[in-house]
Amino acid sequence: MTVTQEAAPTDAVARHRWRPGGLEVFIVLLVLVAIFSQQLADLFASNPAVQTGATIFVSIIVQALPFLALGVILSGIITAFVPPAFWRGALPKRQSLAVPVAGATGAILPGCECASVPVAGGLMARGVAPPAALAFLLAAPAINPVVIVSTLVAFPGQPQMALARFIASFATAVIMGWLWLKFGRGEWLRIPDRSHLVGDNKWHTFRLTASHDFLHAGGFLVVGGIAAAVLNVAVPTSVLDSLAGNPLVAVLVMAGLAVILCICSEADAFVAASLTQFPLISRLVFLVVGPMVDLKLIALQGGTFGRRFVSRFAPATFVVAIICGCIVGWWLL
């Protein structure tokens, strides 16, 4: 009996002992890439095209990584330490007013789109009206301070780009919240259970959330960086110029790329800035669409809220985001 009692604490310590996981491995790999970027580029010195692509890829990763890390850390802090009841009490009772207020809240709560889906689901599960939670879902990853600052850094000397992104993204989030309030039906939406990200304590919850968000967003950042490098090197300049030369085609192409590339909102501005063949309005549409509608978000929203929801919400958001991006871009750019 005595042996059993003494063994229990040892087992408990073993269960809670920290072990490096996917997050730590991913961080180490990114740090190594940043440190040895010149050496990696030198490996491809014999092929100028490949060398150029490698340089573009590394520069995108190095520029975007600090903003991605900051956004993930702040998102984890908010998830772990800000009680969900706070949001329910802070929003107006009238849903038509709660939508813009919830959308504006995204301006002070950094986090990537991967985090906004479970956070919005958690808000709904705790009684926040779906239209307000959906406005927050769309606005938070698109207009938060980390995203706006990263846009300013990516487009030096063009502060109107960050302003246009803020206005167009906020307008899209509010319009979609109001549209759901007017036309949405309860049977289309499945309120989720996100208990898998709740740890033994607040710090454990923070680590689970941060690990989840960083691995998801970081992986898609790498994919987006590779895709941007390939577009700049492998695709003939004449093809990009022909697509960019027609304003309507350029907007549709950049909107489609935003859906396909699935780049984290804290990093997408650097990818958009590298696609200099395209006019600013089409790149603005890319920045508005990406944090709200891409393949990973469609999958996340479908898994969280159900297929009936995402089959209606995603296409409508795509169209509204393009329209808002074009209108605001025509006005400010």
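Over all other residues within a Cβ to Cβ distance under 14 Å of residue 260, the charged ones net out to -1, with Lys and Arg as +1 and Asp and Glu as -1. Take 257-267, 243-253 and order them by the average number of nearby Cβ atoms within 10 Å per residue, most first; the result is 257-267, 243-253. In this calculation the C-beta distance from residue 308 to residue 52 is compared with R0 = 35 Å, giving a FRET efficiency of 0.15.
By the beta-carbon count within 10 Å of each Cβ, the least crowded to most crowded order of 182, 202, fewest first, is 182, 202. If you add up the charges near residue 187, with Lys and Arg at +1 and Asp and Glu at -1, over every other residue whose beta carbon is less than 12 angstrom from its beta carbon, what do you get? Neighbourhood net charge equals +4. You can think of it this way: the chain between residue 82 and residue 332 has 86.4 nm of extra reach, that is 0.36 nm per residue less the Cα-Cα gap. Sites listed here are chymotrypsin sites (Phe, Trp or Tyr not before Pro) in the range 252-333 whose DSSP assignment is loop and whose Cβ has at most 14 other Cβ atoms within 10 Å, and the list is empty.
Grab the beta carbon distance between residue 241 and residue 163, set R0 = 22 Å, and tell me the FRET efficiency rounded to 0.05. Let's see the in-between values first.
On the way: r = 28 Å, r/R0 = 1.27.
Given R0 = 22 Å and the Cβ-Cβ separation, E is 0.20.
Each value in this text was obtained by applying a stated rule to the coordinates, not by laboratory testing. For clarity, every value in this text was computed on a predicted model and none was experimentally measured. No Cβ is skipped: glycine too gets one built from the backbone with ideal geometry, and neighbour counts run over all protein chains shown.
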